[in-house]
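The values are calculated or read from the model by the stated rules, or taken from the named source; none is laboratory data. Everything numeric here is computed off the predicted structure, so don't read it as measured data. Here the Cβ positions follow ideal geometry from the backbone for every residue, glycine too, while neighbour counts run over all protein chains shown. Heads up: the accessible areas ignore ligands, DNA and RNA and are worked out on the full protein's heavy atoms, side chains in. Shrake-Rupley method; radii C 1.70, N 1.55, O 1.52, S 1.80 Å.
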Amino acid sequence: MPPLVPKTIPRIPLLSLRQNKTAPCRHTKPLKALDREGRVLHMGTLSKTVSPGLRLGWLVGPEPVIRRLADIKMQTDYGTSSLAQEAAAVWFADGYHERHMDRLRPELRSRRDCMLELLQRYFGELAQWNIPRGGFYIWLQLTCAPLSIRRLFQMCLDRGVLIHPGYLYNRLDQEHIRLSYAYCTPEQMEQGIVILAETVRELLSSLEK
């Protein structure tokens, strides 16, 4: 009886999808810059770095893949707003985007450093965290003791602070909190971090009783 599966299986090129939706460090090259075989699709968007209402993005990849995806998109939503596309074309062609990013990066870096300092001051013995090279977020991992992140979420909400627990992104994650430094002022950040730290300590005290 002949084998059902051929002995030699042709290699199928794999595509890797990477999204660049935040404001990276200028010196960090996207994965697409290292791609020599057309295996990486690079996505970008204006909704995060320019305007939330500008729901427009772009995709860089092999032409056959782009053509197929463009066809699928057309069948899905009948195309993106022509006015938004015209505005984005002018935005890029006239150099506004690069100048905007040159102003945005140092501002985000300053806000990131502010939040890192606050975390060191108020969470030094309670948690550990990453130091992002770009983007809008810091991931905080509570290391003090097992806590109910769901209860922490509700207690913080009752005190006027909205946190993003890790289980919103991974239902099994009960240790992490995603903190954003992109919108709040330094004063608001400190107020929120103080309330979060006090709430964590309150939960720890209730466990010791």
Of these, L126, L179, L118, which one is over 30 Å from S47 (Cβ atoms) and surrounded by 14 or more Cβ atoms within 10 Å (Cβ to Cβ)? L126
Go through (1) over 29 Å from E208 (Cβ atoms); (2) free of Cβ contacts under 8 Å to residues at least 40 places away in the same chain; (3) of a type outside the set (A, V, I, L, M, F, W, C) for R111 and report which single condition fails. (2)
Please find, among A93, A88, the residue that is surrounded by 12 or more Cβ atoms within 10 Å (Cβ to Cβ) and small (G, A, S). A88
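Table: residues versus (1) more than 25 Å from L104 (Cα to Cα); (2) assigned to a loop (DSSP other than H, G, I, E, B); (3) in contact with a Lys or Arg (Cβ under 6 Å, 6 or more places away or on another chain).
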| position | (1), (2), (3) |
| --- | --- |
| P146 | yes, yes, no |
| R150 | yes, no, no |
| V161 | yes, yes, no |
| R178 | no, no, no |
| V194 | yes, no, no |
Do you know which residues across the stretch 51-64 are open to solvent by less than 60 Å² (accessible area, probe 1.4 Å), outside any strand (DSSP E or B) and at pLDDT below 90? S51, L54, L56
May I ask you to verify whether D102 is farther than 30 Å from Y181 by Cα and either in a helix (DSSP H, G or I) or at pLDDT below 90 (or both)? no
(1) under 14 Å from A197 (Cα atoms); (2) modelled with pLDDT of 95 or more all hold for D94 apart from (1)
Residues in the stretch 147-163 that are free of Cβ contacts under 8 Å to residues at least 40 places away in the same chain and not hydrophobic (A, V, I, L, M, F, W, C): how many? 4
Would you be able to tell me the number of residues in the stretch 122-133 that are touching a residue at least 40 places away in the same chain (Cβ under 8 Å) and of a type outside the set (A, V, I, L, M, F, W, C)? 2
Just one of Q174, Q188 is touching a residue at least 12 places away in the same chain (Cβ under 8 Å) and open to solvent by 30 Å² or more (accessible area, probe 1.4 Å); which is it? Q174
